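Participant: Please find one structure pasted underneath; my questions will follow.
Readers should treat all values here as calculations from the given coordinates under stated rules, not as data from a laboratory. Just so it is clear, the structure is predicted and the values come from calculations on it, not from any experiment. Here the Cβ is made from the backbone with ideal geometry for all residues, glycine too, and neighbour counts use every protein chain on show.
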Amino acid sequence: MHTKNPSQTRRGLLTALAALAVQPKGIARVGNFPALPIAPVVPGYRMRFPLDHGAHPAFRTEWWYVTGWLSTNAGDALGFHITFFRTRPRIAQDNPSAFTPRQLLIAHAALTDPRRGRLQHDQRIAREGFTLAGAETGNTHAWIDDWSLEDRGTKLQAVIPARDFGFEFAFLRTQDALLNGDAGFSRKGLRPDAASYYYSVPHLTVSGTMSREFKREAVTGSAWLDHEWSSSYLEPEAVGWDWIGINADDGGALIAFRMRDRDGNMRWAGATYRGGGMTRAYDARDIRFLTRRLWRSPRTGTNYPIEMEVKIGAIEIELVPLIDDQELDARLSTGTVYWEGPVRATRAGKAFGKGYLELTGYWRPLQL
């Protein structure tokens, strides 16, 4: 998917091999590597920042997900998302080889431009190590080669030189983290272990430059960050989820999701709303996702419910996508195909906010 300078690759390899020769004391190891058990997600955990902005390598799956709306100097409305995934493969932990993929890093980047009529995207995957890919603990810093998402104090910095476009964005925090579910403990199903630790940072202010068609242009916008980690995210009976994150025009924030079974029924759902000086979590009894319009992909033949009515307690909003064709083919990295893109939210016919809608498990049952 991309090439690197051979000398840079060799230097990184030699640096990593040299580091393996020095092993700190006091760490239980299998071969040359720490023997970390798979950590469960349990209620009662208290999030600590900036520590929990960083990676949690004892858990099976983790992601840092930035979605948002952009505006160019010409007034064009665009959508983007940047994602770094960390996953711990189900492999034997006693292999001492430095090439054993104990952690895999995956990155997705996408651009929605109504003038093109369909999503543009790129993806990368690499095993952690040799300084070429990784996710640091203690604070946000995930990278694959020259793609990166890194905490720079008050801002997050993203550098994404993708195949057909490029992002160099700074994300300024304007609000505190929104702890989803029960203080960041987010149930994902009927089984007690189906859960994640999950927080969002809504209303990020975006500034920077975007490259496309051999031109660089300044952009501004508003974005949403999700950071989530788990060891048992998707129950065997579930095939995928629908998710929304909405930056409300009045400064409020709404996140909601539903997990679907093989018959398309809601197996579980959760939502968190912050606004008017209060924060409230909702459970499945208060949540409904109702399809208003389907879009059929001309490439995979998959039907996606891209227009929805979402009911969360007394909040009822309608979602309409910026464009229909926002299917992302990630078979070269995560092995699946899904739909994700910017949507406008209205309430009782009036503007409510802007955000993103993600639809997984419609092409085939999702496997994490």
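Participant: To the nearest 20 debye, what charge dipole does the chain have about its Cα centre, counting +1 at the Cβ of each Lys and Arg and -1 at the Cβ of each Asp and Glu?
Facilitator: 540 debye
Participant: Karplus couplings for segment 225-237 from phi (6.51 cos²θ - 1.76 cosθ + 1.60, θ = phi - 60°), rounded to Hz, Gly and Pro as x?
Facilitator: Result, ordered by residue: 10, 10, 10, 8, 9, 7, 10, 8, 7, 10, 5, x, 7 Hz.
Participant: Dipole magnitude of segment 137-267 about its Cα centre, charges +1 at Lys/Arg Cβ and -1 at Asp/Glu Cβ only, in debye to the nearest 20?
Facilitator: With only Lys, Arg, Asp and Glu charged at Cβ, the dipole is about 40 debye.
Participant: Return an integer: the convex hull volume of the alpha-carbon atoms of segment 295-353, in Å³ per residue.
Facilitator: 99 Å³
Participant: Of I106, I315, I82, which has the largest mean-square fluctuation in a 10 Å C-alpha GNM of the chain?
Facilitator: Among I106, I315, I82, the largest GNM mean-square fluctuation belongs to I315.
Participant: More than 19 angstrom separation, counting every C-alpha pair in segment 190-262; what % is that?
Facilitator: Result: 54 percent of Cα pairs exceed 19 Å.
Participant: Select from G270, G240, G75 the residue whose mean-square fluctuation is largest in a Gaussian network model of the chain (Cα-Cα springs shorter than 10 Å).
Facilitator: G75
Participant: When the convex hull of the Cα atoms of segment 271-312 is projected onto a plane and the area is averaged over all directions, what value comes out in nm²?
Facilitator: In nm², the orientation-averaged hull projection of segment 271-312 is 4.0.
Participant: Something else now. Using alpha-carbon positions, what is the distance between the centroids of segment 266-281 and segment 160-211, in Å?
Facilitator: 16 Å
Participant: Name the long-range amide H neighbours of R60: under 5 Å, sequence gap of 5 or more, or other chain; modelled H, no Pro or chain starts.
Facilitator: Here the answer is A39, S230, S231, since their amide H atoms fall under 5 Å of that of R60.
Participant: Tell me, what HN-Hα J-couplings in whole Hz come from the Karplus equation 6.51 cos²θ - 1.76 cosθ + 1.60 at θ = phi - 60° for each residue of segment 267-283, using x for Gly and Pro?
Facilitator: In residue order, the calculated couplings are 8, 7, 7, x, 7, 9, 10, 10, x, x, x, 9, 10, 9, 9, 10, 10 Hz.
Participant: I would also like to ask the following. Kindly express, to the nearest 10 degrees and within the range 0 to 90, the angle between helix 6-20's C-alpha long axis and the longest C-alpha principal axis of the chain.
Facilitator: For helix 6-20, the angle is close to 70 degrees.
Participant: Let me ask something else about it. Which is farthest toward the positive dipole end of segment 87-236 among G138, A110, A183, measuring Cα position about the Cα centre, with Cβ charges +1 (Lys, Arg) and -1 (Asp, Glu)?
Facilitator: Going by the charge dipole, the pick is A110.
Participant: What percent of all Cα-Cα pairs in the chain falls in each 20 Å bin, counting up from 0?
Facilitator: 29, 60, 11, 0
Participant: Can you list the GluC sites (Glu not before Pro) in segment 266-368 that are in a DSSP coil and have 15 or fewer other beta carbons within 10 angstrom?
Facilitator: Sites meeting the loop and neighbour criteria: none at all.
Participant: Using θ = phi - 60° and the Karplus relation 6.51 cos²θ - 1.76 cosθ + 1.60, list the HN-Hα couplings for segment 354-362 in order, rounded to whole Hz, with x at every Gly or Pro.
Facilitator: Computed from phi, the couplings for segment 354-362 are 10, x, 10, 10, 10, 10, 10, x, 8 Hz.
Participant: Beyond a 23 Å Cα-Cα separation, which of these cross-linked pairs lie in this structure: K311/K350; K155/K354; K155/K311; K155/K350?
Facilitator: K155/K311; K155/K350, as the Cα separations exceed 23 Å there.
Participant: Something else about it: Find which of P192, G277, L119 sits farthest along the positive direction of the dipole of the chain, computed with +1 on the beta-carbon of Lys and Arg, -1 on that of Asp and Glu, about the Cα centre.
Facilitator: Value: P192.
Participant: Further question on the same structure: Give the residue list of trypsin sites (Lys or Arg not before Pro) in segment 262-313 that are DSSP loop and have at most 14 other beta-carbon atoms within 10 angstrom.
Facilitator: Listed in order of number, the matching sites are R262, R299.
Participant: Could you grab the relative contact order for the chain? Cα pairs under 8 Å, six or more apart, rounded to a whole percent.
Facilitator: Reported relative contact order: 14 percent.
Participant: Among V42, G245, A162, whose Cα lies farthest out toward the positive end of the dipole of the chain, if unit charges sit on the beta carbon of Lys, Arg (+1) and Asp, Glu (-1)?
Facilitator: V42
Participant: Which of R260, R88, R191 moves most in a GNM of the chain, Cα contacts under 10 Å?
Facilitator: In the Gaussian network model the winner is R191.
Participant: Which GluC sites (Glu not before Pro) does segment 130-190 hold that lie in a coil by DSSP with at most 11 other beta carbons within 10 Å?
Facilitator: none
Participant: Another question, then. Bin by bin, in steps of 10 Å, what percent of the Cα pairs in segment 225-348 do you find, going until the bin that has the longest distance?
Facilitator: Going from the shortest bin to the longest, the percentages are 11, 40, 37, 11, 0.
Participant: Hey, another quick one. Rounded, prolate or oblate: which one fits segment 94-185, using the alpha carbon gyration tensor with axes a ≥ b ≥ c (rounded when a/c is under 1.5, else prolate when a/b beats b/c, else oblate)?
Facilitator: Cα axes put segment 94-185 in the oblate bin.
Participant: Normalising by the residue count of segment 177-262, find the relative contact order in percent from Cα pairs under 8 Å and 6+ residues apart.
Facilitator: 25 percent
Participant: Calculate the FRET efficiency for N139 and T346 from the Cβ-Cβ distance with a Förster distance of 41 Å, rounded to the nearest 0.05.
Facilitator: Between N139 and T346 the formula returns 0.65.
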